[in-house]
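Comments concern the structure below.
The values are calculated or read from the model by the stated rules, or taken from the named source; none is laboratory data. Everything numeric here is computed off the predicted structure, so don't read it as measured data. Please note: Cβ atoms are built from the backbone with ideal geometry, for glycine as well, and neighbour counts cover all protein chains shown. Accessible surface areas use protein heavy atoms only, side chains included; no ligands, DNA or RNA. Shrake-Rupley method; radii C 1.70, N 1.55, O 1.52, S 1.80 Å.
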Amino acid sequence: MKSKSVRFPDAAPRVAGTLSKRAATPTRVSRRTQLLKPPIRLLTAVPICDGHDSAINTINLEFIHCGVEVVYLGYHRSARDIVRAATQEDVRAIGLSSYNGGHVEFFTEVVELLKRQGANDIGVFGGGGGTITKADAAIMQKNGVDRIFFAGTPLSEIVKFVKIAYGAHRRAGWRARGETISDPDRRIARMLTAAETGDRDEGAYVRGAPAKGSGPITIGITGPGGAGKTTLIDELVLRFLKASPRTRLAILSHDPSLIGQGALLGDRASMVYSQDDRVFMRSLATRGQAGGLSPASGRCLRLLKRGGFDRMFVETVGIGQEAAPFGGEPVDRVILVMSPDYGSRLQLQKIVMLDVADIVVLNKSDLSGAKTAAVEIEQRLALNGRGQKLIQTVARRHRDTGVDELFRLAIS
Amino acid sequence: MSVLAQVTKAVEGFNRFVEQQVSQARSDSQFGEQLMARWQAARGGLGTVTIPTALKLPRLALPLTDEPGEVARYLYGEGLPGEFPFVNAAYREMYLVNAGAKNTEEPTRLFAGLALAEDTNHRFHYLTRHQKNIRLSTAFDGPTLYGLDSDADGVFGKIGEGGVALDTMEDMERLYAGFPLSGEHFSVSMTINGPAPIILAMYVAAAKRRFGPEVVSTLRGTIQADILKEVQAQNEIIFPIEASLRFLADMVEHTTTHLPRWYPISISGYHIAEAGATPVQQAAYTLSNGFTYVELFRDRGLEVKRFGPRLSFFLDCGLDIEYVALARVCRKLWAIGMRDVFGADPPAQLFKLHTQTSGRSLIAQESKNNLTRTAIELVLACLNATNSCHSNSADEPFTTPSEEYVRLAANSQAILLEESGLFKFMMNTLAGSPGMKIVERAVEEGILVEFREIDRLGGVLPAIDQRYQRSQIQAAAHRYEQQINDGTRPIIGLNRYRDETNAAPAVKVVRTPRRKKQLQVDRLEKFKHRNRARTERALDRLATVVESGGNVFKELIHTVECCSLGQITGRLHECVGRHRPMV
Ligand code: B12
Ligand SMILES: Nc1nc2c(ncn2[C@@H]2O[C@H](COP(=O)(O)OP(=O)(O)OP(=O)(O)O)[C@@H](O)[C@H]2O)c(=O)[nH]1
Ligand SMILES: [Mg+2]
């Protein structure tokens, strides 16, 4: 199988698709624009045993066009996965699209779990075409769901609702009743929001942040779009969780967006092993900053470092040849993930990260051209004389020995 | 050159060949005369019929031309029914009845599945009570579709919703109880994909238990098992693509030898279209997926000659004008690709088609209008000479169809094919009309454009990796909803002629009661408990076969004797990993 998707110059989107992560050509963020009202962040998902994702995909696209940042968790997701993700991402609300029945139970379960996490300031809304009757909706709303949209609702009406219900201020949840946040993940999540938005109101919760040790080893993972960064992290997470049954991990992941516009934060959807209580993940949109990270990445990283995790991963957006994303950030090891189709040997010379990275991973080494690529990259690294290691992986292959090697070298 | 590029070239070559025949027929009188002789023979080929109103008609309608060029274009370019490239029909005769006949082989195959196995069994018996040819079509519930047991974490609410709950081969025995599985006039279809090999293994094991080992070679039916469209549209793939394709190939290899009457894969465009694809996208992705399977099985050493005739197709039929000719074009492109790229014999050139009317075109507002929509779609499907058909019930937007609406849906087919004179006396009544030919050409061009694009991305599998099909489908779905919102796509009762007084549907919703869900869980627990001494050993054996590259399907027929669906998928996940969903 040959993939032509992965090219370093990331100007072109992977495919014509609207959701391509490389579609955005970010510009530098100015002070003034940082003061813009931060976008609404929502999480959307489809319940367990349900793959009807057409409606939510359409709604996601509409949200993004209307300036909303959508963390998309994908289809066939359990209530626990959804609530965990929503809490960690500290979204304003969860939008669920359910078609395969059992929606009264499922929505109610999500609301109940949110309450139990002390996160009932996170709203729940959704739809499911004609499968959700008016009578069902009445029960669901009584159980704490904000709103159900019936079949045939115009998309604009949904967007309008979201802007009104979740645009202004947080709805009253635990805060209104003067409780404190007992769940540590919830606390960190709230602090990250403060760090990202610079919201003074939210900032109050940064005080009393847990400070534990000097912070975990932080591994930065970067590389061109579609090289396999997310897949690799998910595989490393699997190995880590297996190897050390108690420890916890944090992942900070990035997706591109333009200033004041929406974004699809979709990394969680394709991760399977990272849907685990021992993994804390947060998705950031770059909000107009070029180079692979968001304006808030440094602040968020420093905060997460105090969160009591044992290892941390930072995934950048797909980067171009000249990018060197981790410059000033507190990252301990930098892994550059590449795939065999970077183009000619000449292109290799231009890749700045090949000088900076501690470890270079040649992923997709199942593809044709991997052998040549390995030789060329080895030669390029040898010129640096820094003893940088090249590891060949097939992240997509179950129990890949290359990933095992990377795990031993980089993580443990 | 990728297979798709080869197919594209073959189609272009074929079209040039047809034009050559046309000019030769005009310039070479001897060739022209031969053609005319064939033409005359074809005209009388199916004989004539005197219909109840006393009108006399030929049983096969052909264009009223005696111009050799046009005759050549017809005979070579579209072919008589049952002749290459099968534009008119896969078979020589379809839907025809004798003018005075009472009984026919109906193409009716209605999709059903609800609550527990015994409830669905009851529905099956109800649906087929008047049928000589029993053709069951099975819908499974969410947990089953995802390979989970009914006692899995968080799935209780989904048990028996939207389809039947099935955990063990004992459920399988209950599901088809009372039906003659090896009967000449019995066939069953199962709509399941990710866990398809496990489910079919349960079917085989259950049949063996009831009828003895000899039954296996007589089993007749279809299992969907189309993994590629799962990644693109329906989202029920559970193992990584490579592993899923291997399990599929194991099953195909086994069934072509041991279940020669089984169709081990139904290559489906239905889900692609329902997910929002345009008709051209539906056809292009379905055909390209089909060619990819053929390449895959061939490269694994299976003979096209043997598995080719066991492939079948499943398309959607909606209200867009493309549906006037979509299946006609598909038959042509499939035949050319199979013959010219894969060297297939005629039986493997046939695009054998099951059609379902569009569920997405049916809406909740004034839902009785859905009867009309489905009726129009049925006409379109039959104009395209589909080999079998499912017509949706008017209560489709709400829930598992109620018996009342299922009955109306079945009747709509009978009204079209048995009551109306449109199809039963004469073949090709409307085939080949000018508009149909124009749509055909436009659709074919559109499909070839898609083929070239997928080829440019490296073929179907690399295009999947790059999210090509998914992103195209999603963009089309978004466009479709926008068009409904801005009124450029009129939907009667929704954005036009809306009846506010009659907005809320008065439809009875079918739900599975809690007590039944609990019964399913309890039964499963008993099964697990009863077999606990054998489970681990059977799973270990299965794992060994997976690791050693043996035929997994063959082993599964033993594994299902003492292991549940969820136990088996669980172990297979350990062996091959999980599928990473695509956005
Ligand atoms: C399209 C479709 C499919 C496609 C799905 C493609 C995809 N990737 O999504 C395919 C063909 C694959 C499919 C398969 C199945 N389907 Co289906 N499918 C439908 C269908 C026809 C339309 C649903 C749809 O997407 N509509 C388009 C959307 C945009 O419009 P809408 O539904 O009106 O939604 C609006 C609002 O409700 C709201 N909304 C919806 N979600 C959300 C979420 C949020 C956050 C918000 C704010 C708003 C909102 O916004 C929308 C725009 O106005 C319905 C029947 C119908 N006509 O509705 C059946 C239906 C949902 N399917 C059904 C079933 C049973 C299945 C299967 C289980 C069948 C089987 N046994 O194999 C499988 C399971 C698939 C899976 N993986 O889970 C049943 C469910 C029955 C039940 N719950 O009791 C239905 C009702 C059909 C039926 N009567 O049998 N299906
Ligand atoms: N052939 C092959 N494909 C792989 C491999 N690893 C990942 N992929 C595929 O490459 C595609 C992109 O993988 P991701 O993990 O999303 O890549 P990424 O670098 O995180 O992508 P972005 O975040 O979008 O820049 C997916 O379709 C993966 O299945 C591999 O080792 N071999
Ligand atoms: Mg990624």
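Residues checked against (1) within 17 Å of B:Lys158 (Cα to Cα); (2) in a loop (DSSP other than H, G, I, E, B); (3) modelled with pLDDT of 95 or more; (4) in the same structural domain as A:Lys160 (by TED's automatic domain parsing):
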residue	(1), (2), (3), (4)
A:Thr25	no, yes, no, yes
A:Thr33	no, no, no, yes
A:Leu43	no, no, yes, yes
A:His52	yes, yes, yes, yes
A:Tyr75	yes, yes, yes, yes
What pairs can you find where one residue is in region A:45-60 and more than 8 Å from chain B (Cβ to nearest Cβ), the other is hydrophobic (A, V, I, L, M, F, W, C) and in a loop (DSSP other than H, G, I, E, B), and their Cβ atoms are less than 6 Å apart, with a gap of 6+ or different chains? A:Ala45/A:Leu73; A:Ile56/A:Val46
It is to be established whether one or more residues within region B:29-39 are aromatic (Phe, Trp, Tyr) and touching a residue at least 60 places away in the same chain (Cβ under 8 Å). no
With the structure loaded, tell me whether A:Asp332 is crowded, with 18+ Cβ neighbours inside 10 Å, acidic (Asp, Glu) and either over 30 Å from A:Leu303 (Cα atoms) or more than 16 Å from ligand 2 (Cβ to nearest atom) (or both) or whether it fails that test. no
Specify which of the listed residues (B:Ala476, B:Ala431) is touching a Gly at 6+ places or on another chain (Cβ under 7 Å) and more than 9 Å from chain A (Cβ to nearest Cβ). B:Ala476
I need the full set of residues from region A:380-412 which are open to solvent by 20 Å² or more (accessible area, probe 1.4 Å), assigned to a loop (DSSP other than H, G, I, E, B) and charged (D, E, K, R), in order please. A:Arg386, A:Arg396, A:Arg397, A:Arg399
Out of B:Thr569, B:Thr512, sole residue that is assigned to a helix (DSSP H, G or I), among the polar types (S, T, N, Q) and open to solvent by less than 30 Å² (accessible area, probe 1.4 Å): B:Thr569
Please indicate, with yes or no, whether at least one residue in region A:216-228 is more than 16 Å from ligand 1 (Cβ to nearest atom), open to solvent by 10 Å² or more (accessible area, probe 1.4 Å), of a type in the set (A, V, I, L, M, F, W, C) and more than 14 Å from chain B (Cβ to nearest Cβ). yes
Cβ pairs under 6 Å, 6+ apart, first in region A:259-280 and farther than 18 Å from B:Arg578 by Cα, second more than 16 Å from ligand 1 (Cβ to nearest atom) and among the acidic types (Asp, Glu): A:Ala263/A:Asp255; A:Leu265/A:Asp255; A:Phe280/A:Asp185
Identity of the residue in region A:235-254, within 16 Å of ligand 2 (Cβ to nearest atom) and buried (at least 23 other Cβ atoms within 10 Å of the Cβ), that ends up farthest from A:Pro184 (Cα to Cα): A:Glu235
Looking only at region A:83-104, decide whether some residue is more than 20 Å from A:Met281 (Cα to Cα), more than 14 Å from chain B (Cβ to nearest Cβ), open to solvent by less than 20 Å² (accessible area, probe 1.4 Å) and away from ligand 2 (no atom under 16 Å from the Cβ). no
Check on A:Val317, within 16 Å of ligand 3 (Cβ to nearest atom), touching a Gly at 6+ places or on another chain (Cβ under 7 Å), open to solvent by 10 Å² or more (accessible area, probe 1.4 Å) and part of a loop (DSSP other than H, G, I, E, B): yes
If you take the residues of region A:230-244 that are closer than 21 Å to A:Gln88 by Cβ and more than 13 Å from chain B (Cβ to nearest Cβ), which of them is nearest to ligand 3 (Cβ to nearest atom)? A:Leu236
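Matching residues to (1) under 20 Å from A:Gly226 (Cα atoms); (2) in contact (Cβ under 8 Å) with a residue 12 or more places away in the chain; (3) within 27 Å of the chain's Cα centre (by Cα); (4) more than 14 Å from chain B (Cβ to nearest Cβ):
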{"residue": "A:Val361", "(1), (2), (3), (4)": "yes, yes, yes, yes"}
{"residue": "A:Ala370", "(1), (2), (3), (4)": "yes, yes, no, yes"}
{"residue": "A:Gln379", "(1), (2), (3), (4)": "no, no, no, yes"}
{"residue": "A:Gln388", "(1), (2), (3), (4)": "no, yes, no, yes"}
{"residue": "A:Ile391", "(1), (2), (3), (4)": "yes, yes, yes, yes"}
{"residue": "A:Ala395", "(1), (2), (3), (4)": "yes, yes, yes, no"}
Region B:525-569 - residue that is of a type in the set (Gly, Ala, Ser) and away from chain A (no Cβ under 14 Å) and, of those, farthest from A:Asn57 (Cα to Cα): B:Ala533
Can you tell me which of B:Glu236, B:Glu230, B:Glu214 is open to solvent by 10 Å² or more (accessible area, probe 1.4 Å) and within 16 Å of ligand 1 (Cβ to nearest atom)? B:Glu236
Limited to region A:130-170, what total is found for residues that are open to solvent by less than 30 Å² (accessible area, probe 1.4 Å), more than 14 Å from chain B (Cβ to nearest Cβ) and over 30 Å from the mean Cα position of the chain (by Cα)? 0
Among the listed residues B:His130, B:His122, identify the single one that is part of a helix (DSSP H, G or I), away from chain A (no Cβ under 14 Å) and free of Cβ contacts under 8 Å to residues at least 24 places away in the same chain. B:His122
Just need a number here: residues in region B:428-472 that are away from ligand 2 (no atom under 16 Å from the Cβ) and either open to solvent by 30 Å² or more (accessible area, probe 1.4 Å) or in contact with a helix residue (DSSP H, G or I) (Cβ under 9 Å, 6 or more places away or on another chain) (or both). 27
Say whether the condition of being more than 16 Å from ligand 3 (Cβ to nearest atom), in a loop (DSSP other than H, G, I, E, B), at the interface with another protein chain (Cβ under 9 Å from one of its Cβ atoms) and open to solvent by less than 30 Å² (accessible area, probe 1.4 Å) is met by at least one residue in region A:61-73. no
Can you find even one residue in region B:207-224 that is closer than 24 Å to B:Phe314 by Cα, more than 14 Å from every other protein chain (Cβ to nearest Cβ) and in a helix (DSSP H, G or I)? yes
For region B:374-405, what are the residues that are in a helix (DSSP H, G or I), charged (D, E, K, R) and either open to solvent by less than 20 Å² (accessible area, probe 1.4 Å) or touching a helix residue (DSSP H, G or I) at 6+ places or on another chain (Cβ under 6 Å) (or both)? B:Glu377
I need a count of the residues in region A:275-294 that are within 14 Å of chain B (Cβ to nearest Cβ) and either touching a Leu at 6+ places or on another chain (Cβ under 8 Å) or within 16 Å of ligand 1 (Cβ to nearest atom) (or both). 2
Determine if region A:113-130 includes at least one residue that is within 16 Å of ligand 2 (Cβ to nearest atom) and either touching a His at 6+ places or on another chain (Cβ under 8 Å) or touching a residue at least 40 places away in the same chain (Cβ under 8 Å) (or both). no
